[in-house]
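Accompanying notes for the structure given below.
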Amino acid sequence: MKTTIKSSQAAVRTPLGMNRELERDLCTRNHITKPLLALVRFTKSLEAREGKQTFFDKLFPNAKIVRVKNRRHQSMDAIYNWEPGKGSGLRGAVENKMFTLRNCQALRNRYRLVVGTLESELIKRVEQKEIKMLSVAAGSARAVFDACYGHRDKIHLLTLFDNDPTAATAAEATASELGIPAKAVTGDAFQILEHTDSLKEQDIIEVIGLIDYLDDHSVRRLFTDLKKLLKKDGVIITSHIHPNEEIEFVRTVANWDASMQYRDAQAFALLLRSCGFRHAELIQEPHGIHTVAILEA
Ligand SMILES: C[S@@+](CC[C@H](N)C(=O)[O-])C[C@H]1O[C@@H](n2cnc3c(N)ncnc32)[C@H](O)[C@@H]1O
């Protein structure tokens, strides 16, 4: 991914160019989701075999990336990079509606909250000689880079941990372009303690877009392990997705992983409490679809 820094827009945009303003548009509702659901069901019924390109995918190439790469970093980037009004013509107008559905707006809002939260945690540590950061399930780590860019001189090492080797190495290349000292580590988050020597004493651990797919037992197991990698006064930044009216659309049209565990805000807070954190600060984005949490062990 080639990244351009737009320094002149720093006040309203993040260093990597994301508009910082939270999206709150409620206009895209059933009038768009219902016809699209019907169209996808129809094209699925025409599909001769799984994986064959459907009429729907041919018609909407940007939406296809989200459908085919679901849960992977490419689909996240397609949503993060979408700017309202990007598409042209009738197809573009429909895609624009899809990429501005509340779940897409909420995902970009989560990104903005993660950037803001990481930036504040980095600012709190400016007096430190150096800062160690770990991104678990890093994907393209765009939000992490966005937050780190202004503090890159302070970063001792940012570790990008992902079980997809292509994600981790592509992210490492982007970090190098941006001048952020980063190292890719490929591995399973549930085996992360095997890397204890290189990963211990982290100031900030970010784990976004992973616990949404885990059952309660696995979430507790993961946080128990991650706490062992934190420095005293270190923090974990995580997030969760909540039940919302677009779940069927997300499963069918976006082809999103059916294992997604939608927990409401209260269940998320209770789950975090059961993980034994000393303090948890929760910030919900305006659609109430994602909450970002700052956790002190
Ligand atoms: C939904 S993406 C989120 C990426 C990024 N954190 C973000 O917020 O854009 C999930 C990422 O988790 C990675 N992943 C899934 N299961 C994992 C596991 N058990 N261990 C490590 N990485 C995992 C995937 O490869 C993918 O890059």
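Coordinate-derived values only; no laboratory data. All values derive from a computational prediction rather than experimental measurement. As a convention, Cβ positions derive from the backbone with ideal geometry for all residues, glycine included, and neighbour counts pool all protein chains shown.
Tabulated data for the structure shown
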read-out: Separation between Cα centres of the range 109-183 and the range 65-102, rounded to whole Å; value: 24
read-out: Proximal lysines to K69, defined as alpha-carbon separation beneath 17 angstrom and excluding residues fewer than eight positions away on the same chain; value: K52, K58
read-out: Cα centre as origin, Lys/Arg/Asp/Glu Cβ charges: the chain dipole, Debye; value: 640
read-out: Candidate aspartates and glutamates for bridging to K200, where Cα separation is under 19 Å - those fewer than 8 sequence places away on the same chain excluded; value: E121, E130, D162, D188, D225, D233, E296
read-out: Taking the chain and dividing mean pair separation by its residue count, relative contact order in percent (alpha carbons under 8 Å, at least six apart); value: 18
read-out: Percent breakdown of C-alpha pair distances by 5 Å bin, ordered from the shortest bin, for the range 166-254; value: 3, 11, 16, 20, 19, 14, 9, 6, 1
read-out: Isotropic mean projected area of the C-alpha convex hull, the chain (nm²); value: 15.5
read-out: Pairs beyond 30 Å (Cα-Cα), from K86/K124; K97/K227; K154/K227; K64/K227; value: K86/K124; K97/K227; K64/K227
read-out: Ordering of 94-103, 146-155 by packing [mean C-beta count within 10 Å, highest first]; value: 94-103, 146-155
